[in-house]
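The values are calculated or read from the model by the stated rules, or taken from the named source; none is laboratory data. Bear in mind that the values here come from a model prediction, so they are computed numbers and not experimental data. Neighbour counts run over all protein chains shown; Cβ positions are idealised from the backbone, glycine included. Just so you know, the surface numbers come from the protein's heavy atoms only, side chains and all, with ligands and any DNA or RNA stripped out. Shrake-Rupley method; radii C 1.70, N 1.55, O 1.52, S 1.80 Å.
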Amino acid sequence: MAKEKLNFKSSTLAPVQRQTLEFLRNYISSNGFGPTLKDIAEFIGVKSPSTAHFHLERLEAKGFIRRGEDGSIELIEAQLPDLGPTAVPLVGVIAAGMPIEAIERGPVMVEVPANMIRTGGEAYCLEVSGDSMIDEHICDGDIVVIQKQEVANNGEIVVAVLEDGSATLKTFRRLKSGKVMLVPANPNLSPVTLDGVEIRGKLVGLIREIH
């Protein structure tokens, strides 16, 4: 697996974060103050305000907003850089922990090193949420580069979609019984055994934001 450390601040705005940012701009322009977490959650179509809080944290870390101690939100204008020929779509958020809502909206583009993209293959990026793959040096907030494929070999780190539609990033194991085991890389977490999963691709690269 290739790894790269880049400063990609504003080029990695996940689709739902771009939509959240646009909502913030329109809301503040109309009302003169920021929306509540409940307002944001309703706009992006999730039930939990904690998911809205997660995306606000990402927007702040990437320099698009500034939050005050009183909960106020200040917009900071940031211009997306031009992208080159090795740009691939950043299509959402993937859980490296307990599976979360699979957030997939209209993609933005992220430029990745050419060596992470197989000739003739298709690739996409996901933003990582959680620390279940920490021993594989995959951290919360990283961007993972995924090679599209529908099958996996034992030991590969894959994007697996469960029966409820949630997605997770785990090491794939096929058991003798025919069942699938998804293995975390965190000693505090246990593997999960399932009758089957849908494979959406395998991990081929990682990009880490430098703050």
Restricting attention to segment 124-160, which residues are in contact with a Pro (Cβ under 9 Å, 6 or more places away or on another chain) and under 20 Å from Val16 (Cβ atoms)?
Tyr124, Cys125, Val145
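Here is a list: Glu150, Glu156. Which entry is farther than 28 Å from Arg58 by Cβ and touching a residue at least 40 places away in the same chain (Cβ under 8 Å)? First the steps, then the outcome.
Working: Glu156 fails: farther than 28 Å from Arg58 by Cβ.
So the residue among Glu150, Glu156 that is farther than 28 Å from Arg58 by Cβ and touching a residue at least 40 places away in the same chain (Cβ under 8 Å) is Glu150.
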Of those in segment 10-45 that are closer than 20 Å to Tyr124 by Cβ and open to solvent by 60 Å² or more (accessible area, probe 1.4 Å), the residue modelled with the lowest pLDDT is Arg18
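For Arg173, indicate whether it is open to solvent by 70 Å² or more (accessible area, probe 1.4 Å), touching a strand residue (DSSP E or B) at 6+ places or on another chain (Cβ under 6 Å) and not in a loop (DSSP other than H, G, I, E, B).
yes
For every residue, the table says whether it meets (1) open to solvent by 50 Å² or more (accessible area, probe 1.4 Å); (2) modelled with pLDDT of 75 or more; (3) farther than 17 Å from Arg25 by Cα.
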{"site": "Lys47", "(1), (2), (3)": "yes, yes, yes"}
{"site": "Glu57", "(1), (2), (3)": "yes, yes, no"}
{"site": "Ser72", "(1), (2), (3)": "yes, yes, no"}
{"site": "Val88", "(1), (2), (3)": "no, yes, yes"}
What are the residue pairs meeting all of these: first residue in segment 186-204, first residue at positive phi and in a strand (DSSP E or B), second residue of a type in the set (S, T, N, Q) and open to solvent by less than 70 Å² (accessible area, probe 1.4 Å), Cβ atoms under 8 Å, and 6 or more apart or on different chains?
Gly201/Gln147; Gly201/Gln149
How about segment 127-154: which of its residues are part of a strand (DSSP E or B) and either charged (D, E, K, R) or open to solvent by less than 10 Å² (accessible area, probe 1.4 Å) (or both)?
Glu127, Val128, Ile143, Val144, Val145, Ile146
